[in-house]
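A.B. asks: Below: one structure in structure tokens.
The values are calculated or read from the model by the stated rules, or taken from the named source; none is laboratory data. Keep in mind that this is a model prediction, so the values were computed, not measured. Every residue, glycine among them, receives a Cβ derived from its backbone with ideal geometry; neighbour counts consider all protein chains shown. Note: areas computed on protein heavy atoms with side chains; ligands, DNA, RNA excluded. Shrake-Rupley method; radii C 1.70, N 1.55, O 1.52, S 1.80 Å.
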Amino acid sequence: MKFIVCEKPQEFILKEKPIPEPKEGEVLLKIKRIGICGTDIHAFGGTQPYFEYPRILGHELAAEYVKGNAKGFEPGDKVTFIPYFNCGKCVACRNGLTNCCVNIKVFGVHIDGGMAEYVTIPEQYLLHGQGLDYDQLALVEPLAIAAHGVRRAAVKPTDTVLVMGAGPIGIGLIQFAKIAGAKVIVMDINEYRLNFCKEELNADETINPLHDDVAQKLTEITNGDMANVVIDATGNRNVMNSAFNYISHGGRFVLVGLQKGELSFSHPDFHKRESTLMSSRNATIEDFEYVMDCLKSGKIDPKKYITHRTNFSEMITDFGQLIDPKNNVIKALIEIE
């Protein structure tokens with residue numbers, strides 16, 4: 001079978017190896033769709049924390065079940081899976097927080113992932129396709145990341161939510177915050193994405209830091225209250241540091257984006273507002289199930305933001321174009337048939 005490995009930053013190589021044979025408790029899957037995500041982009045660019053090279057990337061996956069002994073699954077079934085392999089024994093796992101397991105192995109980050117024609121995974125992470133197609137199934141994981149972030153923020157109808165970053169994760173955050181009934185403001189420097197969020201996702205307001213004074217415009221939009229919930233999906237340290245000025249009194253700041261450096265903020269300003277700062281990492285089975293329910297019910301139609309596609313054999317050549325903001329990429333999928 002063929003697979004693509006990121007040998008080092010800025011270098012993908014297409015290689016071949018035997019199709020893996022599933023061990024006891026594992027299943028063999030044929031990969032059908034691979035979503036290109038921020039983690040892949042940062043890994044390719046050399047800015048991804050928790051990362052070592054060489055690495056086979058890819059954890060936003062849709063697949064066909066080939067073989068194994070997973071109960072209730074048959075060869076040919078459409079499937080996806082939870083790509084966060086947890087130890088089940090640490091303090092986080094014992095408290096049901098498998099998404100932030102002390103010894104977590106994220107498929108395509110800590111261990112080799114799904115940019116391959118076939119993969120084996122532990123059967124316990126497998127999820128039925130539930131009638132969803134391969135495109136939808138490939139987007140379950142990034143949507144689960146967003147659903148988890150909104151759940152962490154405990155978004156409610158009376159909230160004004162500022163989502164910083166209108167990439168694929170940000171788009172999911174917007175949609176789940178809207179489902180929760182909140183007013184949603186989107187901040188990004190890409191005007192195409194801001195227009196997309198207003199026209200396709202019903203974002204209430206948009207802010208472009210290249211043209212707007214963010215704090216001033218946010219003050220105007222909220223009548224001086226600022227945002228009850230600020231969620232970062234940029235992974236940009238400067239943006240994160242600035243965002244402490246955008247939180248309302250009693251507000252919450254949730255870090256979904258990830259970067260390598262340190263954050264800094266004024267403790268007196270943060271303290272007087274009784275602000276809450278939290279991170280949001282990965283997702284849990286509850287988030288995956290919620291996302292799949294939203295997809296089946298039509299509350300979310302992710303196909304509207306699949307804007308670019310390539311096939312497996314051309315991925316290396318096309319990758320630079322697929323991550324270039326000038327090409328108005330919202331979400332790109334790699335197809336394997």
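A.B. asks: Take the alpha carbon atoms of the stretch 240-312, find their center, do the same for the stretch 80-127, and report the distance between the two centers in whole angstrom.
C.D. replies: Answer, in whole Å: 21.
A.B. asks: Another question, then. Can you give the calculated 222 nm mean residue ellipticity of the chain, where each DSSP H run of n ≥ 4 adds -39,500 (n - 2.57) and the sum is split over every residue, rounded to the nearest 500 deg cm²/dmol? Display every interim value, and only then the final one.
C.D. replies: Details: 11 runs with 96 residues, N = 337.
Dividing the helical sum by the residues of the chain leaves -8000 deg cm²/dmol.
A.B. asks: Give me the lysines in straight-line cross-link reach of LYS198: C-alpha distance below 27 Å, same-chain residues under 8 apart excluded.
C.D. replies: LYS156, LYS178, LYS183, LYS217, LYS296, LYS299, LYS303, LYS304, LYS326, LYS331
A.B. asks: While we're on this one: Less than 26 Å apart at the alpha-carbon level, and either on another chain or at least 8 residues along: which lysines does that give for LYS17?
C.D. replies: List returned: LYS2, LYS8, LYS30, LYS32, LYS67, LYS78, LYS105.
A.B. asks: First check a/c for the stretch 52-122, with a ≥ b ≥ c the square roots of the eigenvalues of its C-alpha gyration tensor; if it is under 1.5, answer rounded, and if not, answer prolate when a/b is larger than b/c or oblate otherwise.
C.D. replies: Values: a/c = 2.72, a/b = 1.31, b/c = 2.07.
It is oblate, given that a/c is not under 1.5 and a/b is not larger than b/c.
A.B. asks: For the stretch 1-157, just say rounded, prolate or oblate: build the C-alpha gyration tensor, square-root its eigenvalues into a ≥ b ≥ c, call rounded for a/c under 1.5, and beyond that prolate if a/b exceeds b/c, oblate if not.
C.D. replies: Values: a/c = 1.41, a/b = 1.07, b/c = 1.31.
Rounded.
A.B. asks: A follow-up question, please. Where the only charges are on Cβ atoms (+1 Lys, Arg; -1 Asp, Glu), what is the dipole of the stretch 157-288 about its Cα centre, to the nearest 20 debye? Spell out each step's value before the answer.
C.D. replies: Values: 11 positive and 17 negative charges, 63 e Å.
My answer is approximately 300 debye.
A.B. asks: Take ASP269 and LYS89, extend 7 Å from each Cα along the Cα→Cβ direction, and tell me the distance between the two endpoints in nm.
C.D. replies: Those two pseudo-labels are separated by 4.6 nm.
A.B. asks: Residue farthest toward the positive end of the dipole of the stretch 131-274, with Cβ of Lys/Arg at +1 and Asp/Glu at -1: which of HIS267, GLY235, SER248?
C.D. replies: HIS267
A.B. asks: Once both axes come from the Cα atoms, what is the angle between helix 191-201 and the longest principal axis of the chain, in degrees from 0 to 90, rounded to 10?
C.D. replies: So the helix axis and the longest Cα principal axis differ by about 80 degrees.
A.B. asks: Students often forget the sequence filter, so: which aspartates and glutamates lie under 12 Å Cα-Cα from LYS15 once same-chain residues fewer than 8 apart are removed?
C.D. replies: Leaving aside aspartates and glutamates fewer than 8 places away in the same chain, those within reach of LYS15 are GLU7, GLU117.
A.B. asks: Return one whole number: the accessible area per residue of the chain in Å², for a 1.4 Å probe. Intermediate values should be presented prior to the final figure.
C.D. replies: Numbers: 14990 Å² over 337 residues.
Here the residues of the chain average 44 Å² of exposed surface.
A.B. asks: With +1 assigned to the C-beta of every Lys and Arg and -1 to the C-beta of every Asp and Glu, and no other charges, what is the dipole magnitude of the chain about the Cα centre in debye, to the nearest 20? Mind showing how you got there, number by number?
C.D. replies: Details: 36 positive and 43 negative charges, 125 e Å.
Dipole size: approximately 600 debye.
A.B. asks: Another question, if that's okay. Is the stretch 99-157 best put as rounded, prolate or oblate by its Cα gyration tensor, with a ≥ b ≥ c the root eigenvalues, rounded for a/c under 1.5, and otherwise prolate when a/b is larger than b/c, oblate when not?
C.D. replies: Working: a/c = 2.26, a/b = 1.31, b/c = 1.73.
It comes out oblate by the Cα gyration axes.
A.B. asks: At a 1.4 Å probe radius, carbon and sulfur cover how many percent of the accessible area of the stretch 1-120? Could the numbers behind the result be given before it?
C.D. replies: Working: 2690 of 5470 Å².
Result for the stretch 1-120: 49 percent of the exposed heavy-atom area is carbon or sulfur.
A.B. asks: Counting other Cβ atoms within 10 Å of each Cβ, which trypsin sites (Lys or Arg not before Pro) in the stretch 44-107 have at most 12 and sit in a DSSP loop?
C.D. replies: Taking the stretch 44-107 and a limit of 12 other Cβ atoms within 10 Å, the loop trypsin sites (Lys or Arg not before Pro) found are LYS71, LYS89.
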